[in-house]
1. So which residues in region 59-99 are small (Gly, Ala, Ser) and surrounded by 13 or more Cβ atoms within 10 Å (Cβ to Cβ), if there are any at all?
2. Specify which of the listed residues (Phe276, Phe255) is modelled with pLDDT of 95 or more and either touching a strand residue (DSSP E or B) at 6+ places or on another chain (Cβ under 9 Å) or not in a helix (DSSP H, G or I) (or both).
3. In the list Thr217, Thr284, which residue meets the criterion of being in a helix (DSSP H, G or I), over 21 Å from Thr70 (Cα atoms) and open to solvent by 30 Å² or more (accessible area, probe 1.4 Å)?
4. Does region 20-58 hold any residues that are outside any loop (DSSP other than H, G, I, E, B), surrounded by 10 or more Cβ atoms within 10 Å (Cβ to Cβ) and in contact (Cβ under 8 Å) with a residue 60 or more places away in the chain, and which are they?
5. Go over the candidates Asp208, Asp214 one by one and state the one that is under 20 Å from Asn90 (Cβ atoms) and among the acidic types (Asp, Glu).
6. Kindly establish whether Lys257 is under 24 Å from the mean Cα position of the chain (by Cα), surrounded by 11 or more Cβ atoms within 10 Å (Cβ to Cβ) and on the phi > 0 side of the Ramachandran plot.
7. Picking from Gly144, Gly117, which residue would you name as being out of contact with any Phe, Trp or Tyr (no Cβ under 7 Å at 6 or more places or on another chain) and free of Cβ contacts under 8 Å to residues at least 24 places away in the same chain?
8. Which pairs do you get when a residue that is closer than 16 Å to Arg104 by Cα, found in region 203-231, comes within reach of a residue that is at pLDDT below 95 and not basic (Lys, Arg), reach meaning Cβ atoms under 7 angstrom, with the pair 6+ apart or on two chains?
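The values are calculated or read from the model by the stated rules, or taken from the named source; none is laboratory data. None of the values given here were measured: they were computed from a predicted structure. In this analysis, Cβ positions are derived from the backbone assuming ideal geometry, glycine residues included, and neighbour counts consider all displayed protein chains. Accessible surface areas use protein heavy atoms only, side chains included; no ligands, DNA or RNA. Shrake-Rupley method; radii C 1.70, N 1.55, O 1.52, S 1.80 Å.
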Amino acid sequence: ERIWKWKDAYEKRILGQLKSLGASCDWRRTRFTLDEVCSRAVRRTFFKLFKDGLIYRGKRLVNWDTYLQTAVADDEVFDEEVDGHFWTFNYPVVGEDGNPTGQRISFSTTRPETMLGDTAVCVHPKDERYTDLVGKQVRIPLNGRLIPIIADGLLADPEMGTGAVKVTPAHDANDYACYQRNPEIGVINILNPDGTLNENGGEWEGQDRYAARDAVTARMEELGHYEGIEDRKIPIKHSDRSKTPVEPYLSDQWFVKMDELAQNAMDAVEDGRVRFYPSRYAKTYLDWLGE
């Protein structure tokens, strides 16, 4: 209702500006986005694309702006180095009976709060330090959950840090890719859309993620699983809209399967069914679709 009021107030001004600029439109065919004929066309097209399997919905890891509580595209995100920390912790290895074996596996992270959503610890398959641990389990001291030690050569690098990596698929793009290769480890989301911890945060549910970071670190130190901290410059993705840090976040999103659609649109230009004036813009169009 408010949009229609806005349209009625400003339509004449906007169309007048376009005419003053010399836009050569067929003004008899003017339409507004929410005109019934346009809305009907959108609904019918959406349904057809969905029925044809070209539009689908699923959980995907996106750049999430917790301030605006919306997903932002990759081209709406910028990297900025900030002063941060690199914490090192350890998880106790447990035997088949669930009791500690006395062994511990160390790892480092820039986001301690995400330990609450860990679903595995990953090592490189050729790292001899951990060969005998692959397939065993560790216990997350913060919540008691048992998670497996897995081998994945694409995620773990024996030359970096301890060579072991905590895996939090719902909150890191590389970890999510690891989960897709090892789906048995599962996914646990610990965040609400506003950046506070959800029910998977346990006793820290409702806390802002940065407050939980300090609390989780203190608890790990209290439990004897904290090993140290380094000051580091860390590249953090920020939302270009709100200028706040974005979170990798697992969200229900709609996707369009572009390969067939893009190829059909390119074919129409290349076989002459669609022509561009000036013709040089055909190359811009083809390059854009080709990417």
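1. Answer for region 59-99, where residues must be small (Gly, Ala, Ser) and surrounded by 13 or more Cβ atoms within 10 Å (Cβ to Cβ): Ala71, Gly84.
2. Selected residue: Phe276, the only one of Phe276, Phe255 that is modelled with pLDDT of 95 or more and either touching a strand residue (DSSP E or B) at 6+ places or on another chain (Cβ under 9 Å) or not in a helix (DSSP H, G or I) (or both).
3. Of the residues listed, the single one that is in a helix (DSSP H, G or I), over 21 Å from Thr70 (Cα atoms) and open to solvent by 30 Å² or more (accessible area, probe 1.4 Å) is Thr284.
4. Leu49, Ile55, Tyr56, Arg57
5. Sole residue among the options that is under 20 Å from Asn90 (Cβ atoms) and among the acidic types (Asp, Glu): Asp214.
6. Working: under 24 Å from the mean Cα position of the chain (by Cα): yes; surrounded by 11 or more Cβ atoms within 10 Å (Cβ to Cβ): yes; on the phi > 0 side of the Ramachandran plot: no.
Criteria not met by Lys257.
7. None of the other options fit; the residue is Gly144.
8. Note: no pairs meet the criteria.
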